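To start, the structure itself, in structure tokens.
The values are calculated or read from the model by the stated rules, or taken from the named source; none is laboratory data. Bear in mind the structure is a predicted one, so any value in this text is a computation, not a measurement. Ligands, DNA and RNA are excluded from the accessible area calculation, which covers all protein heavy atoms including side chains. Shrake-Rupley method; radii C 1.70, N 1.55, O 1.52, S 1.80 Å.
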Amino acid sequence: MGFGNGSWRDSIVSLTASGGEAGGCGVSRGETKAEKALAVGTAVRVVLPFALGYFLSYFYRVVNAVIAPDLVAELGLSSSDLGLLTSAYFLTFAAFQLPLGVLLDRFEPRRVQAALLAFAGVGALVFSWAPNSAGLVAGRALIGFGVSACLMAAFRAFVPGRSCPW
């Protein structure tokens, strides 16, 4: 049992001899400093937005623990109200995962993430201007919806796979 025409040992030897590329096409060429700099610049331009989006998602996930004393002091929230704020975030975050997969397959991950981060920004404004717990819950729900793509969009961008058939 092997890969292609030979055995698995032959395939490993072929991969090793070709510089790790399948099919023996591992012709190694020297890269110039400009090409390496361009590759690094492209990697930073691609990785940085997704990394910042994920950082923002994680920040919004844990921020309630930090601002809870201020919310209790200024708005008189109870512990169940604080739990509802966190639940609104996680419920909308989780509820959007299945439709998110379809959107990521149909459209580019960077466009989906950018559009959803706009909702997170609106949610942050709603949360910051909310005079009562209902406004806070609405803001947290929008934030959860908005940051729901941060991790999956990065995975989809860096590990391209088959797209949805529809």
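Of I143, I67, the order by accessible heavy-atom surface (1.4 Å probe, DNA, RNA and ligands excluded), from most exposed downward, is I67, I143. Across region 26-166, the mean sequence separation of Cα contacts (distance under 8 Å, 6 or more residues apart), normalised by length, yields a relative contact order of 30 percent.
Stokes-Einstein diffusion for region 41-114, with the hydrodynamic radius set to the Kirkwood value over Cα pairs and evaluated at 4 °C in a medium of 1.567 mPa s, equals 88 µm²/s. Largest accessible area first, the listed residues F55, F50, F90 line up as F55, F90, F50 when surface is computed with a 1.4 Å probe on the assembled protein chains. Of the listed residues L82, L136, the order by accessible area with a 1.4 Å probe, largest first, is L82, L136.
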